[in-house]
Amino acid sequence: MSATKKTQDLLKRGNKFLCQEYNSDMSRAESLKPRLPEEDVFRSAAQMLKACADPARVKILYALGHSELCVCELACLLELSMPTVSHHLRLLNHARLIRYRKQGKLVFYSLRDEQLNGTVKHIVNAFAQREGR
């Protein structure tokens, strides 16, 4: 069955997220195609968003946007165990969102990119306003 036929069959079933009739004018979609980044850019973005898909990790990013912090300080701030914070930091580091530096026996974390700081603050503040907080 072709993609068009599948779409038309779905339209008949009344899915509220689909158009009620098929739009054969794909000019807008076709004009966007050349402006889409390469597939690997979307993969990287998805990996980054997946790394942010936990409230504790968003809190960590938000906190690191204000100050460089060590694991002990983050554990205290988030009221989580050090192993739990370490796990979250490992995921954020793997997604290349944070960086670390060692100072003696302490490890300090910071955001890898200042643009990320602005994005995280914007998102958190938008939801805070939306929820009236």
Next item on the list: Give the residue that is nearest to Gly65 (Cα to Cα), with candidates limited to residues of the range 117-126 that are surrounded by 11 or more Cβ atoms within 10 Å (Cβ to Cβ) and not aliphatic (A, V, I, L, M).
Entry: Asn117
Next item on the list: Restrict the check to the range 36-55 and report whether at least one residue is surrounded by 12 or more Cβ atoms within 10 Å (Cβ to Cβ) and more than 16 Å from the chain's Cα centre (by Cα).
Entry: no
Next item on the list: Kindly indicate whether any position in the range 64-83 is more than 30 Å from Ala126 (Cα to Cα) and at pLDDT below 95.
Entry: no
Check: For the range 61-112, how many residues are among the hydrophobic types (A, V, I, L, M, F, W, C), assigned to a helix (DSSP H, G or I) and in contact (Cβ under 8 Å) with a residue 40 or more places away in the chain?
Finding: 4
Notebook entry, point to check: In the range 104-116, how many are more than 14 Å from Met48 (Cβ to Cβ), surrounded by 16 or more Cβ atoms within 10 Å (Cβ to Cβ) and either of a type in the set (Val, Ile, Thr) or out of contact with any helix residue (DSSP H, G or I) (no Cβ under 8 Å at 6 or more places or on another chain) (or both)?
Noted result: 1
Check: out of contact with any His (no Cβ under 6 Å at 6 or more places or on another chain), part of a helix (DSSP H, G or I), of a type outside the set (Asp, Glu) and at pLDDT 95 or above: does that describe Leu32?
Finding: no
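The values are calculated or read from the model by the stated rules, or taken from the named source; none is laboratory data. Quick caveat, the model's predicted, so the values are computed rather than measured. A quick note on method: Cβ atoms are made from the backbone with ideal geometry, for glycine too, and the neighbour counts reach across all protein chains shown.
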